[in-house]
1. Below 18 Å Cα-Cα, how many Lys pairs turn up in the chain? Only count pairs eight or more apart in sequence, or on different chains, if you could.
2. So what's the net charge close to S29: Lys and Arg +1, Asp and Glu -1, counting the other residues with Cβ under 15 Å from its Cβ?
3. Ignoring ligands, DNA and RNA, what percent of the 1.4 Å accessible area of the chain is carbon and sulfur?
4. At 222 nm, what value in deg cm²/dmol follows for the chain if DSSP H runs of at least 4 each add -39500 (n - 2.57) and the sum is divided by all its residues, to the nearest 500?
5. Averaged per residue, what accessible surface does the chain expose to a 1.4 Å probe, in Å²?
6. What FRET efficiency comes out for the pair M30/L73, r = Cβ-Cβ distance, R0 = 22 Å, nearest 0.05?
7. Tell me the accessible surface of F44 in square angstrom (1.4 angstrom probe, heavy atoms of protein chains only), to the nearest ten.
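The values are calculated or read from the model by the stated rules, or taken from the named source; none is laboratory data. None of the values given here were measured: they were computed from a predicted structure. Glycine gets a Cβ as well: all are built from the backbone with ideal geometry, and neighbour counts include every protein chain shown. The accessibility values were calculated without ligands, DNA or RNA, using every heavy atom of the protein model including side chains. Shrake-Rupley method; radii C 1.70, N 1.55, O 1.52, S 1.80 Å.
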Amino acid sequence: MIFQILEIRNMASEAKENPGKFAGGQAGSMFLDLLVTPALITLFCLISFFILGFTSWLGGPYWFFKFLFFLTLAAIVLIFYLLRKIYLLIKSVTKNVVESTIKVESTIIE
């Protein structure tokens with residue numbers, strides 16, 4: 001409970017000092033939260049392919065699972081690179097939108 005209070009206090013001070021960076025960080029955090037479950041499932045598959053392809057457990061090693069392991073590993077590296085680019089893009093776009101919104105000068109229309 002005390003850690004949540006301290007976290008909220010830090011978030012409020014960060015939002016007050018640099019709202020663009022805060023909003024970009026929050027949007028990036030939401031994007032990363034969406035990727036937790038697929039990452040765990042992919043990690044489980046990768047570990048299974050490794051065990052079946054490179055150990056003698058369950059009657060292995062099987063060349064098919066070696067192939068799947070390296071194919072999955074290459075796909076993970078490529079997807080990680082693309083997701084990192086998307087993550088950085090989301091953070092920068094959100095930061096720029098918030099900063100441009102805050103810097104808009106208001107005019108009085110009579």
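1. 9
2. +1
3. Accessible surface attributable to carbon and sulfur in the chain totals 72 percent.
4. One gets -29000 deg cm²/dmol as the mean residue ellipticity at 222 nm.
5. That works out to 82 Å² for each residue.
6. Step by step, r from the Cβ atoms, then E = 0.20.
7. That residue has around 140 Å² of solvent-accessible surface.
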